[in-house]
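The values are calculated or read from the model by the stated rules, or taken from the named source; none is laboratory data. Nothing here was measured: the structure is a model prediction, and the numbers come from that model. Note: ideal-geometry Cβ built from the backbone for every residue, glycine included; neighbour counts use all protein chains shown.
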Amino acid sequence: MSSVPRPMPLAMALAQLCPPSGGFTILGDGAVEILGLELDSREVQSGDLFAALPGHNTHGSVFIEAAISAGAVGVLTDAEGLQVLAATGPVDFPVVVSTNPRQLLGQLAGQIYQTAPELAVATPLRLFGVTGTNGKTTVTYLIESGLHAAGRVTGIVGTVGVRMGKESLSAIRTTPEAPHLHALLGLMRERGVQDVAIEVSSHALMEGRVNGLRFAVAAFTNLSQDHLDYHGTMEAYFMAKAALFTPARAELGVIGVDTPWGLRLAAKATIPVVTWSSRGAVADWTLTEIGGRTFVSGPGGEKQELRSQLPGAFNRANILCAYVMLRVAGVAPDAAASGIASVNVPGRMEVVYSHAGVTGIVDYAHTPDAIAGVIESVKEQCTGALIVVLGAGGDRDRNKRPEMGKSAALLADHVIVTDDNPRSEDPALIRAAVLKGAGAVTASGRGELAAVTEVADRRAAIARAVSIASSGDYVLVLGKGHELGQEIAGVILPFDDRVELREAFKNRAGSES
């Protein structure tokens, strides 16, 4: 059985699903009934159309035999896949050929799982999409809570996982592949969910994972260096994000204009746009700090106090973004504010343990800007030293690694550089890049030299941070957040920063008793 749950199947003839007018050519029996759509041969169910597409490492056509054996009744592929099939001899199943099948998966999945916007279903879903380098997870959690406070039945899809009503599923990826995303949304609709908050990554937009969906509200949080291993340039990265703010994908945009990227997007978007600023820029919605309290001001003289359990300036921006999304969706101010006030996000500024005046926090920050924002937020409450445990992921943007080390060393008192998810790369080379950036910093924000230490083993690095901390100090473990594993040389080993940090505190307490 597939690891991604699906709604009840709705049989469609292959010829109806993939007509010639849609750019499809069917070789074989077009009358065969299709019950589902699947990209992964390991998750094929009986009656599926298997999509054999070009991948990052290999073409999906090599898995066709496995998919058919698992119950697939047809194959969707491109010219390359057809060539592979032709070389194997006659086939006894229909083959659908398209020039760009990946971009059509969302459309097909929307038909199969009845999630396409044009379909007249009894309970259509209202979708809220959030894109940006940082803040996507937090904003989706805030939106979902605000909608729930307004009496709506909610769902969420993102990095931490999937939730439909009260049921939670583990994460698949930040934005699942189109067949999986549509299947999840179809199941949510079937179970009475009304509103869904979805993280929309730049990869998802480029690879068509949200194709076939139209968001009621789409939001942009921010843009900073990340994923350049994939996009190549910041311009290409920006254009990927901007693709969400078009009539085919969204009805209304909610855009933060505190940076030049946001200002440019607000001007470029081809849908109606509402702007927000948490830093005093000219915008439709703004924040004001009065006596330690935060107020949002908006159109028509609206003024509402916003409270939150999430500290720091970067979270105030996230809170404002979510509040504006809720308000433009018709949620009452009090309900929106009440929902926002109740939110904690797993692995995002999560206070894990406190002992002998030392506080331990875990956060997912893994970009230079996010690292700086988290550290600055913790410094607002830290009376002692700030000790940061930090690594960088392998097989990802290499240029950001020195900048990550620099961001940490500029602001923290002690930086312990360790392994994150090295994946297929040499961990020592990754650490060296982070150390190079940290070593380029001559002084911290307190006018003192920042201590920088290398401890390769992540568990040992966390233990080291806790062992050197004194009363009033904070230990901040960055990079992995909610993740439950560490990927090393193709193997994912069980590892949870929160568990390891808690254990380090307990061991310290035991040694002191």
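Against the condition part of a strand (DSSP E or B) and in contact (Cβ under 8 Å) with a residue 60 or more places away in the chain, how does Gly106 come out, does it pass?
Numbers: part of a strand (DSSP E or B): no; in contact (Cβ under 8 Å) with a residue 60 or more places away in the chain: yes.
Against the criterion (part of a strand (DSSP E or B) and in contact (Cβ under 8 Å) with a residue 60 or more places away in the chain), Gly106 does not qualify.
Scanning the range 116-136 for residues that are at pLDDT 95 or above and over 17 Å from Ala242 (Cβ atoms) yields Arg126, Leu127, Phe128. In the set Ala451, Ala469, Ala412, Ala385, only one residue is in contact with a strand residue (DSSP E or B) (Cβ under 8 Å, 6 or more places away or on another chain) and under 28 Å from Thr137 (Cα atoms); that residue is Ala412. What are the residues in the range 355-371 that are in contact with a strand residue (DSSP E or B) (Cβ under 7 Å, 6 or more places away or on another chain) and either under 15 Å from Ala465 (Cα atoms) or in a strand (DSSP E or B) (or both), if any? The answer is Val358, Thr359, Gly360, Ile361, Val362, Asp363. Number of residues in the range 17-52 that are surrounded by fewer than 16 Cβ atoms within 10 Å (Cβ to Cβ), out of contact with any strand residue (DSSP E or B) (no Cβ under 9 Å at 6 or more places or on another chain) and either in a helix (DSSP H, G or I) or among the aromatic types (Phe, Trp, Tyr) (or both): the value is 3.
Looking only at residues that are touching a Lys or Arg at 6+ places or on another chain (Cβ under 9 Å) and not in a strand (DSSP E or B) in the range 454-478, which one is surrounded by the fewest Cβ atoms within 10 Å (Cβ to Cβ)? Walk me through how you get there before you give the answer.
Step one: of the range 454-478, the residues touching a Lys or Arg at 6+ places or on another chain (Cβ under 9 Å) are 454-456, 458, 463, 466-467, 469, 474, 477.
If we keep only those that are not in a strand (DSSP E or B) as well, we get 455-456, 458, 463, 466-467, 469.
Numbers: Val455: 19, Ala456: 14, Arg458: 24, Ala463: 20, Val466: 27, Ser467: 12, Ala469: 25.
The selected residue is Ser467.
Results for (1) within 28 Å of the chain's Cα centre (by Cα); (2) more than 16 Å from Ala183 (Cβ to Cβ); (3) of a type in the set (A, V, I, L, M), shown as yes or no for each residue.
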site	(1), (2), (3)
Gly22	no, yes, no
Leu35	no, no, yes
Val44	yes, no, yes
Ala51	yes, no, yes
Ala67	no, yes, yes
Val75	no, yes, yes
Gln83	no, yes, no
Pro94	no, yes, no
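Restrict the check to the range 109-127 and report whether at least one residue is touching a Cys at 6+ places or on another chain (Cβ under 8 Å) and crowded, with 24+ Cβ neighbours inside 10 Å. No, the conditions are met nowhere in the range 109-127.
Kindly indicate whether Ala504 is buried (at least 22 other Cβ atoms within 10 Å of the Cβ), within 26 Å of Asp413 (Cβ to Cβ) and of a type in the set (Gly, Ala, Ser).
Values: buried (at least 22 other Cβ atoms within 10 Å of the Cβ): yes; within 26 Å of Asp413 (Cβ to Cβ): yes; of a type in the set (Gly, Ala, Ser): yes.
Yes; evaluated as a whole, the condition is true for this residue.
Would it be correct to say that Ala469 is at pLDDT 95 or above and either among the small types (Gly, Ala, Ser) or within 15 Å of Val388 (Cβ to Cβ) (or both)? Give the derivation first.
Values: at pLDDT 95 or above: yes; either among the small types (Gly, Ala, Ser) or within 15 Å of Val388 (Cβ to Cβ) (or both): yes.
So Ala469 fits the description; yes.
Candidates in the range 83-103 are the residues that are free of Cβ contacts under 8 Å to residues at least 40 places away in the same chain and not in a loop (DSSP other than H, G, I, E, B); of these, the one that is surrounded by the fewest Cβ atoms within 10 Å (Cβ to Cβ) is Ala87.
All of Thr383, Thr418 fail the test of being farther than 17 Å from Asp457 by Cα and hydroxyl-bearing (Ser, Thr, Tyr), apart from Thr383. Quick check on Val378: is it buried (at least 19 other Cβ atoms within 10 Å of the Cβ), touching an Asp or Glu at 6+ places or on another chain (Cβ under 7 Å) and not polar (S, T, N, Q)? Criteria not met by Val378. Contact map, the range 48-68: first residue farther than 16 Å from Pro101 by Cα and in the same structural domain as Ala79 (by TED's automatic domain parsing), second residue outside any loop (DSSP other than H, G, I, E, B) and among the acidic types (Asp, Glu), Cβ cut-off under 9 Å, separation 6 or more or different chains; pairs are Ala67/Glu38; Ala67/Asp48.
When you look at Glu190, is it charged (D, E, K, R) and surrounded by fewer than 24 Cβ atoms within 10 Å (Cβ to Cβ), yes or no? When the stated conditions are applied, Glu190 passes them.
To keep it simple, each residue is scored yes or no on (1) over 16 Å from Gly36 (Cβ atoms); (2) in contact with a strand residue (DSSP E or B) (Cβ under 6 Å, 6 or more places away or on another chain).
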position	(1), (2)
Thr88	yes, no
Pro94	no, yes
Ser98	yes, no
Leu108	no, yes
Tyr113	no, no
Leu119	yes, no
Phe128	yes, yes
Gly132	yes, yes
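Scanning the range 281-304 for residues that are out of contact with any Ser or Thr (no Cβ under 7 Å at 6 or more places or on another chain) and loosely packed, with under 13 Cβ neighbours inside 10 Å turns up Val282, Glu289, Ile290, Gly291, Gly292, Arg293, Pro299, Gly300, Gly301, Glu302. Number of residues in the range 133-159 that are within 30 Å of Phe50 (Cβ to Cβ) and buried (at least 24 other Cβ atoms within 10 Å of the Cβ): the value is 4.
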